Amino acid sequence: MQFGKLIIVPTPIGNMEDITLRALRVLKEADAILAEDTRQSGKLLKHYEISRPLWAYHQHNEHKNLAHLITELKGGKKLALVSDAGTPAISDPGFLLIRECLRNNIDVECLPGATAFVPALVKSGLPIDAFIFLGFLPEKKGRQTAFLKLTEMEQTFVFYESPHRLLKTLTQLVEYLGADRYCSVSRELTKLFEQTVNGTLTHVITHFTTNPIKGEFVLVVAGKK
């Protein structure tokens, strides 16, 4: 029997229109869709009138379900992997399954599509001929080490941050990089209240100290001169 295929399908990070025709076709043709949150993905499928089986695949069950999914793929199943928003495996589950597919000679296909850090990076005004994507910085263990590495980084660097840690992270960036380091902070990308604040770290801290901190954030910071 011919093996099936795992297809990585990026989904919109906010605006429902940001999905490709190819992605919609793949979702319609898949034997099942692996979803980080079946309720969230269910909204997308309902919006586009797609009716396919949804299987939960997230950080709490990805190890446990790995062998079962590989068996399904070896049995000829075509599985589509989606996350709640954006491209799977980028700060979202997916890496383990992709690696195991490759180890078992199962085809992996990745569609191009939405990823939150790309629009934030492009419109930051910072050099992006070379940049470093850091995902989420460590919350506790390894956090100080991560900041020390940033002090020597010459390339523009970009990372995600949650609203409840934003000011803490910006304040720590000032401690390690200096108050005048330029940065660009974007939130709610592609959504109704999308916003980008550009300027020194001090300027950005002042802005978010006096304005509501809501949504998901992408920080783009200038490298060392």
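The values are calculated or read from the model by the stated rules, or taken from the named source; none is laboratory data. Values in this document were obtained by computation on a predicted structure and should not be read as measured data. Positions of Cβ are generated from backbone atoms using ideal geometry, with glycine treated the same way; all protein chains shown enter the neighbour counts.
For the stretch 155-181, which positions are of a type in the set (A, V, I, L, M) and assigned to a strand (DSSP E or B)?
Within the stretch 155-181, just Val158 meets the criteria.
Which residue, of Leu54, Leu21, Leu6, Leu45, is touching a Leu at 6+ places or on another chain (Cβ under 6 Å) and not aromatic (Phe, Trp, Tyr)?
Testing whether each residue is touching a Leu at 6+ places or on another chain (Cβ under 6 Å) and not aromatic (Phe, Trp, Tyr) leaves just Leu6.
With the requirement that a residue be surrounded by 19 or more Cβ atoms within 10 Å (Cβ to Cβ) and either in a loop (DSSP other than H, G, I, E, B) or outside the structural domain of Leu126 (by TED's automatic domain parsing) (or both), what does the stretch 182-194 give you?
Across the stretch 182-194, the qualifying residue is only Leu189.
Does Phe147 meet the test of being at pLDDT 95 or above, more than 21 Å from Lys225 (Cα to Cα) and not polar (S, T, N, Q)?
So Phe147 does not fit the description; no.
Select from the stretch 195-219 the residues that are under 20 Å from Leu126 (Cα atoms) and either in contact (Cβ under 8 Å) with a residue 60 or more places away in the chain or not assigned by TED's automatic domain parsing to the domain that holds Gln172 (or both) and list them in ascending order.
Selection gives Thr196, Asn198, Val218, Leu219.
Considering the stretch 105-135 alone, what residues qualify as being out of contact with any Gly (no Cβ under 7 Å at 6 or more places or on another chain), assigned to a loop (DSSP other than H, G, I, E, B) and under 30 Å from Gly223 (Cβ atoms)?
Matches in the stretch 105-135: Pro112, Gly113, Lys123, Ser124, Gly125, Leu126, Pro127, Ile128, Asp129, Ala130.
So, in the stretch 78-92, exactly how many residues are of a type outside the set (Ser, Thr, Tyr) and either in a helix (DSSP H, G or I) or surrounded by fewer than 19 Cβ atoms within 10 Å (Cβ to Cβ) (or both)?
Residues meeting the conditions: 5.
Quick one: is Leu102 modelled with pLDDT of 95 or more, in a helix (DSSP H, G or I) and not assigned by TED's automatic domain parsing to the domain that holds Met153?
Here the answer is yes, as Leu102 does meet what is asked.
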